[in-house]
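What follows is a short report on a single structure.
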Amino acid sequence: MTVEPHVDPTPAGRPALVLRPWDIGDIQPLVDIYRDPAVRKRTLLPITGVEDAARWLEIQWDGWRSGERFSFAVLEEDRLVANVAVKRGTGQGDCPEVGYWTAAEARGRGIAPRALQALTGWAFGTLDGVTRLDLLHQIDNVASCRVAEKTGYA
């Protein structure tokens, strides 16, 4: 299974992005990112310290082991800037869902759409039987709606 999708730099000078599975070194950056009220408001699992971040990482790793959830840390120039994930459907006929969040300092720079496009390509090219993906986001989050539109999700 190809594990690390890569997003090339843009002609406009945006740096390359690397998507990789989360690792133990991501604990402190996660804690820092989750200090942002917007991230805390829109996520189901709060991270308020190192122990919460370690539990969150364990959930991500369990998803990879079970094949039910594939969550990627998104790095720009070796700095954690976002998360993208694909979660397999839970019932017969359900299709996988994709979701994402972006660190406060990385918002508005096109990182989420670029990372989501890479995740989408990875999911279609890697996961058996995937013919459609649903995008999971909060409709009251205007920026998230724009990401969905930019990447072709209705």
Name the residue farthest towards the positive end of the dipole of the chain from the options Ala112, Cys145, Gly129, assuming +1 on Cβ of Lys and Arg, -1 on Cβ of Asp and Glu, about the Cα centre.
Cys145
At q = 0.21, 0.23, 0.25 Å⁻¹, what is the base-10 log of I(q)/I(0) for region 10-95 according to the Debye formula with one equal point scatterer per Cα and no solvent? Please give it to two decimals.
-1.06, -1.18, -1.29
Between Ala38 and Glu77, what is 0.36 nm times their sequence separation minus the Cα-Cα distance? Round to one decimal in nm.
11.7 nm
Between region 10-30 and region 87-150, how many Å separate their Cα centres?
16
In the full protein assembly as shown, how much of Val31 is accessible to a 1.4 Å probe, in Å² to the nearest 10?
10
Can you compute the charge dipole magnitude of region 39-154 about its Cα centre, using +1 on each Lys and Arg Cβ and -1 on each Asp and Glu Cβ, nothing else charged? Give it in debye, rounded to the nearest 20.
300
When every protein chain stays in place and a 1.4 Å probe is rolled, Arg55, Arg40 sorted by accessible area with the largest first are Arg55, Arg40
For the pair Gln138/Asp8, report the inter-label distance in nm, with labels modelled 7 Å from Cα in the Cβ direction.
3.6
Keeping every protein chain present and rolling a 1.4 Å probe, give me the accessible area per residue for region 1-140 in Å².
54
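Keeping the other protein chains in place, figure out the carbon and sulfur percent of the accessible area of the chain, with a 1.4 Å probe.
On the way: 4410 of 8430 Å².
Whole-percent figure for carbon plus sulfur exposure: 52.
The values are calculated or read from the model by the stated rules, or taken from the named source; none is laboratory data. Only a predicted model underlies this, so the values are computations on that prediction, with no experimental measurement involved. Neighbour counts run over all protein chains shown; Cβ positions are idealised from the backbone, glycine included. SASA here: full protein model, heavy atoms, side chains in, ligands and nucleic acids out. Shrake-Rupley method; radii C 1.70, N 1.55, O 1.52, S 1.80 Å.
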